[in-house]
Amino acid sequence: MLEVSRLSIGFRRPRGLWRREVVPALRDVSLRVRAGEVLAVIGASGAGKSLLAQAILGLLPPNAAMSGEMRFQGAPLDAPRLRGRRVALVPQSIAWLDPLVRAGRQVEWAAGRAGLPAPDRAPAAAAALARFGLGMAAARRFPHQLSGGMARRAMLAIAALGEAELLIADEPTNGLDPENAARVLGHLRARADAGRGVLVISHDLAAVLPLADRVAILREGALQETAPAAAFQGNGMALASPYARALWQALPEVGFLPAEAG
Amino acid sequence: MPVSAAGAAPPVLPPLLAFLLRRLLRLALLLLCVAALAFALARAAPVDPVEAFLGPAAAQVGPEQRAAIAARWGFDQPAPAQFLHWLGNALRGDLGESSIFAAPVTQVIGERFAASLALMLPAWLLGGALGFGLGLLAGMREGGWLDRAIRLYAYLLAALPGFWLAMLLLIVFAVWLGWVPVCCAAPPGLLPEQVSLAQRLAHLALPVAALSVLGVGPVALHTRVKAAEAMRADFALYAMAQGAGRAEVALRHAARHAALPALAILFAGMGELFGGSVVAEQVFAWPGLGRAAVEAGLRADVPLLLGIALATALFVGCGNLLADLLAQAVDPRQRGRA
């Protein structure tokens, strides 16, 4: 469904008075998301995960330079036409909702952006919110009056409006209690099981492992490896890269195995 | 002490009412300070009120008569006593008699203020709307050519002296092109009821244009900064990820976020607007409050001068109060905070 090949992103910045230099942020990243699967991209902060999402959505900052190729459903990825309709984003925090606009209103606007005709927007927004357990009372609130879990569900409702084929979730469990986190992850899994592609971006390997089919490990802008989720078990010997193994072994659940020879 | 009394306001009051009460008390205190200061300045000015009252007739009046007039007006009393006397009258709504208009000060201010308002209100609305629109356009495409052009325009306007711009407009549109009349609020020689609406509007056009153009600069620059900031915010990125274009993000999100500072600037700028109207009324010979202030100053009409100082302070204070009330209405996060 989504194929990213040899994607590199750098930031141009002035150096000295006249010259410019490009600071690399993402180097030669290749990955693919298939229909019906959840691909988790794991990396520490600064590894370039969010940049990957912005590149797919065509929303890189103006001073970013990009090279490489991205294809969606077999055709070159045309982000401005896909955004909100065929590719949807679930952002990482409540700060991505406009603080001055009531939550329900923002969902209605999103419905318009997803291509719904004007008379259908309000009912579609109400239905989407209801699907995630949010009623009229929640819709009338401003974002700062919502809990973290409610805000995340509102953003999931926005992503569900357009019946997008590819869903990109940025840190979907950030700041959520276990119950709400499980609810969000369950929904993402259900979307994949319904035949859509889901790209989960996270720093938390343990949280997304139960949901992911495959896991891509990103470190300092470079892809270490992409492994099936099943490879993360035992002492991690099924993993190819030492970094992925170290990440796995560092999890408390695995028991802090001492890193063996690097 | 009125301030401590407001601070100890019982919490049973709704927040908005408590806020209003506190602000109104503060406004009253401000007016008292302005009154005292203006009175002190008028007393310190090298102006002999008796001389100013007599005008050219001063030469025919002897010293005894002058002393009699001064005593009749209470000039033989110490300044604080005079101030309290004036303040007492002012509280009862009597601001004295204007010597140059030969009418009660309250009446002169009322008439003149209405004329000024006819000039200032359209200029204020026009300048605000234009400034907001330009600022939003510039902020929508920060760093683009349109942004640069609008910024240059705004800086230029902010740097231009108002009277110079007013005269330039007069030369071009009234003298060269002859589109609009050169001066005044109505054609000379006509009674107020003989002036048609079209004539009124024609006389209004140029002063309003000059005054509103002056208000555009600051509003545009403040709107631009806030709009550009909103366009870079996460919620703008999210809106675009949902498929919104830049124009939609600007109109729905950035405009909302920029409205608050723009309104604050607009209302807080009512003082500047008044200052600008003094100049504009002078250049266009508009019979408003600003022109009356200049005449009162030049011809030593102390009661009128004090009255205008009070009226202006009240006007500006109300503007600031309105700005704060609107801020609460626009931003849900500020509601309930005083």
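Tabulated data
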quantity: All strands (runs of 3 or more DSSP E) inside segment A:1-69 with 3 or more residues being basic (K, R); calculated: A:2-15, A:19-33
quantity: All positions within segment B:212-249 that are facing chain A (nearest Cβ under 9 Å) and among the basic types (K, R); calculated: B:R232
quantity: Residue that is modelled with the highest pLDDT [pool: residues in segment B:312-338 that are open to solvent by 30 Å² or more (accessible area, probe 1.4 Å), part of a helix (DSSP H, G or I) and aliphatic (A, V, I, L, M)]; calculated: B:L314
quantity: Number of positions in segment B:62-84 that are part of a loop (DSSP other than H, G, I, E, B), open to solvent by 50 Å² or more (accessible area, probe 1.4 Å) and not polar (S, T, N, Q); calculated: 3
quantity: Count of residues meeting criterion [open to solvent by less than 30 Å² (accessible area, probe 1.4 Å) and without any contact (Cβ under 8 Å) to a residue 60 or more places away in the chain] in segment B:284-295; calculated: 1
quantity: Among the candidates B:E272, B:E281, residue that is out of contact with any Lys or Arg (no Cβ under 7 Å at 6 or more places or on another chain), of a type in the set (D, E) and either in a helix (DSSP H, G or I) or touching a residue at least 60 places away in the same chain (Cβ under 8 Å) (or both); calculated: B:E272
quantity: Residue in segment A:61-68 that is in contact with an Asp or Glu (Cβ under 6 Å, 6 or more places away or on another chain) and of a type outside the set (V, I, T) present; calculated: no
quantity: Hey, B:A52 over 22 Å from B:G269 (Cα atoms), open to solvent by less than 40 Å² (accessible area, probe 1.4 Å) and more than 32 Å from the chain's Cα centre (by Cα) or not; calculated: no
quantity: Residue count, segment B:188-218 (criterion: assigned to a loop (DSSP other than H, G, I, E, B) and surrounded by 14 or more Cβ atoms within 10 Å (Cβ to Cβ)); calculated: 1
quantity: Segment A:12-35 - residue that is open to solvent by 100 Å² or more (accessible area, probe 1.4 Å) and closer than 20 Å to A:R219 by Cβ and, of those, farthest from the chain's Cα centre (by Cα); calculated: A:R27
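Matching residues to (1) closer than 29 Å to A:G48 by Cα; (2) hydroxyl-bearing (S, T, Y); (3) more than 16 Å from the chain's Cα centre (by Cα):
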residue	(1), (2), (3)
A:A124	no, no, yes
A:G133	no, no, yes
A:A138	no, no, yes
A:H144	yes, no, yes
A:R153	yes, no, no
A:L199	yes, no, no
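The values are calculated or read from the model by the stated rules, or taken from the named source; none is laboratory data. None of the values given here were measured: they were computed from a predicted structure. Counting neighbours? That spans all protein chains shown, and the Cβs are built from the backbone with ideal geometry, glycine included. Note: accessible area is taken over every heavy atom of the protein model, side chains too, but ligands, DNA and RNA are not part of it. Shrake-Rupley method; radii C 1.70, N 1.55, O 1.52, S 1.80 Å.
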